[in-house]
Amino acid sequence: MSFSLPDFRRKWSCRGYMSAGAALVTAALGLSLVLPEPAAARKYAAPLDIFGIGAPRPRGPVHSAKIPLPKPRPEEAPKASDKPASDAPAAEGKPSPEKPGSDKPAEAPPPEKQASACRLALTEEIAIAPSIPDIRGPGGCGGEDLVRLEAIVLPDRRKVAVKPAAILRCAMASAIADWVRTDMVPLATSLGSSIADLDNFDSFECRGRNRIVGAMLSEHGKANALDVRAIKLANGQSIGLTDRTMSRDVRERVLHSVCSRFTTVLGPGSDWYHEDHIHLDLAPRRNDYRICQWNIWDPLPQVAPLLPAERPEEAPPREVAAKPETKEGADDEGAAKPAAPADKPAADAGQSQSARKPATKKRR
């Protein structure tokens, strides 16, 4: 194998260039690790710094943003050390009023509840019935638009006290007042007196019907019922609505008046829960259905029943009459023995006494 001189020179020249380049790269890496870089050279990245071991690149110049400054404080503004007069109640433990510029909005007072039409109509010229707060009891007890009926004002300005005061809905209280003023005043006048008191047996009470546990809610639990036992007059007389000694005509007049005004009337004869009072309510029903169950019993007899006849003087003493009489000749078996029936054969009639034994009662 023969080489020419030009080929030989070209071959060795390439190898020399490669060796020289490798040496320069090695020297540059060594110098970058050992020698510190001048300040001017730090602006540029180190040559062949592929591993990031050279000096960090300096950051560019930071351009500061212009921040708007607040306006200067006016001379007439109060100093921070000065306390306003409104803070004085807060220092004493009282809440300070809300400032108009505060972030927290002022709480608006709750709207005042408007009075109902019934409340506006039930004035002090008709009844003394102050309004009371709504009642929210368990199981739907209570109601709205409630009043405490204390007295009923008659047309002549006299007052009929409700004893004790009844807690009712306004509509029920208005119906009671109208009933007393319109129907009961003429009745008392016919008896020669005026009404003084109304006997309230029961009004609002959170309970079931007839106080039975688990029963449907009574109208008493809705403040929509009143139990009346009697109406007392100014002369001391009392009209007992269930008193059988009271005139039947008076009780019937009361019956017709309440059944025409109230949707439910319960009295004697309805059930044994209402034998001593009258139940009145305004329970709403479909088609204006009404219940009027009150039997007007006849008055009790004014004369006592006849006594038994007097005991005659010739009658023996009661002690002697109470003793059993002893029969003579009880040991005579023939006299005590009953005669045999005629239709039985003679063999049965002649049966010996020993064969006939009395039946004995078995013990249990």
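Given a 1.4 Å probe and every protein chain left where it sits, what share in percent of the accessible area of the range 191-319 is carbon and sulfur? It would help to have the intermediate numbers written out before the result.
On the way: 4130 of 7730 Å².
Roughly 53 percent of what the probe reaches on the range 191-319 is carbon or sulfur.
With 10 Å bins from zero, work out the P(r) of the range 151-299 over every alpha carbon pair and list the percent per bin.
11, 43, 36, 10, 1
Could you sort the peptides 132-139, 190-197 by per-residue average Cβ neighbour count (10 Å cutoff), highest mean leading? If you can, show how the numbers build up before the last one.
Details: 132-139: 11.2, 190-197: 15.6.
Highest mean packing first, the order is 190-197, 132-139.
Go from 0 up to the bin containing the longest alpha carbon distance in the range 246-322, width 5 Å each, and give me the % of pairs per bin.
For the range 246-322, the binned pair fractions read 3, 12, 16, 15, 10, 7, 5, 5, 4, 6, 6, 4, 4, 2, 1 percent.
Using a cut-off of 15 Å between beta-carbons, work out the net charge of the residues near Leu241 (Lys and Arg +1, Asp and Glu -1, Leu241 not included).
Working: positive: Arg229, Lys232, Arg244, Arg248, Arg251, Arg253, Arg261; negative: Asp183, Asp197, Asp199, Asp202, Asp227, Asp243, Asp249, Glu252, Glu275, Asp276.
Counting the neighbours of Leu241, the net charge comes to -3.
How big is Rg to Rh over the range 111-161, alpha-carbon atoms, Rh as the Kirkwood inverse-mean-distance radius? Please report the intermediate quantities before stating the final value.
On the way: Rg = 13.3 Å, Rh = 12.4 Å.
Taking Rg over the Kirkwood Rh, I get 1.07.
Holding the Cα-Cα limit at 24 Å, pick out from Lys159/Lys232; Lys113/Lys159; Lys159/Lys222 the pairs that are longer than that.
Going by Cα-Cα distance, Lys113/Lys159; Lys159/Lys222 fall outside the 24 Å limit.
Give me the Kirkwood hydrodynamic radius of the range 221-283 in Å, from all C-alpha pairs, to one decimal place?
Values: mean 1/r = 0.0808 Å⁻¹.
Taking every pair of different Cα atoms in the range 221-283, averaging 1/r and inverting gives 12.4 Å.
The values are calculated or read from the model by the stated rules, or taken from the named source; none is laboratory data. In this text the structure is predicted, and so the values were computed from the model without any measurement. Reconstructed Cβ throughout: ideal geometry from the backbone, glycine too, with neighbour counts over all protein chains shown. What goes into the accessible areas is simple: the full protein's heavy atoms, side chains included, and nothing from ligands, DNA or RNA. Shrake-Rupley method; radii C 1.70, N 1.55, O 1.52, S 1.80 Å.
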